[in-house]
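What follows is one structure encoded as structure tokens, with my remarks underneath.
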Amino acid sequence: MARFLTYDEERSRGFLAVAGIRILRVDDPDHDEVMVELLGADTQERARIVAEPPADDDAAASGMGAWHINAVDEFETVLDGEGIVEFITDKGPVAVLLEAGDVMAIERAEHRYRPLTPQGWALRFAGADLGAVETGRAAKAWPAP
């Protein structure tokens, strides 16, 4: 189950919602409704990946670990492992530790990601490509889980 690292769960969810981010579980009653809301009729799984933990702090600040915004909405499901996702909100960064069964629904919001263990994901997103663009935001230390 997702663990909110920056603020308590209620405040974190509120800040994230304003930024277009929802953290769900695969068994949440509104799971399918949110997926269709974000992706439209095409909710097919696009790929499965396993993200490996970065070798060092420099590697953790590049790739998915760099602050970025994807060009399309995404609905990503954690299959196993754990990792930290940090999202930019109007209150600053909000970090969430995600594990198996967690789902992140992102409406083109700025974020970065760091797997802590090998972490499997089922990827769903609107469009043919995520189209990630780095924002250039300076990487600061990752929050401790």
Calculate one ³J(HN,Hα) per residue across the stretch 128-142 by plugging θ = phi - 60° into the Karplus curve 6.51 cos²θ - 1.76 cosθ + 1.60, and present them in order as whole Hz with x for glycine and proline.
7, 8, 5, x, 5, 10, 5, 8, x, 4, 5, 7, 9, 4, 6
I'd like the Karplus ³J(HN,Hα) series for the stretch 101-113: coefficients 6.51, -1.76, 1.60, θ = phi - 60°, whole numbers in Hz, and an x wherever there's a Gly or Pro.
x, 7, 10, 10, 10, 10, 9, 6, 9, 6, 7, 8, 9
Using Cα pairs under 8 angstrom and six or more residues apart, how large is the relative contact order of the chain, in percent?
36
Given a Förster distance of 35 angstrom, what is the FRET efficiency for LYS91 paired with ALA59, based on the Cβ-Cβ distance and rounded to 0.05?
0.80
Using the alpha-carbon centroid of each, what span in Å lies between the stretch 106-145 and the stretch 76-105?
9
Spelling it out for THR89: with amide H atoms placed in the peptide plane at 1.01 Å from N, the residues 5 or more places away or on another chain with amide H under 5 Å from its amide H are VAL94
Other-chain or far-sequence residues with amide H under 5 Å of ALA109's (modelled H)
ASN70
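After finding the eigenvalues of the alpha carbon gyration tensor for the chain, what semi-axes result from the square roots of 5 times each, listed largest first in whole Å?
Semi-axes, largest first: 21, 17, 16 Å.
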In order through the stretch 47-56: 3J(HN,Hα) via Karplus (6.51 cos²θ - 1.76 cosθ + 1.60), integer Hz, x for Gly, Pro
6, 10, 10, 10, 8, 8, x, x, 6, 7
Check PHE125: other-chain or 5+ apart residues with amide H under 5 Å from its amide H, H built from backbone geometry?
ARG46, PHE75
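Values quoted throughout were computed directly from the atomic coordinates according to the rules given, and no laboratory measurement underlies them. Quick caveat: nothing in here was measured; it's all calculated off a predicted structure. Methodologically, a virtual Cβ is constructed for each residue, glycine included, from the backbone with ideal geometry; neighbour enumeration extends over all protein chains shown.
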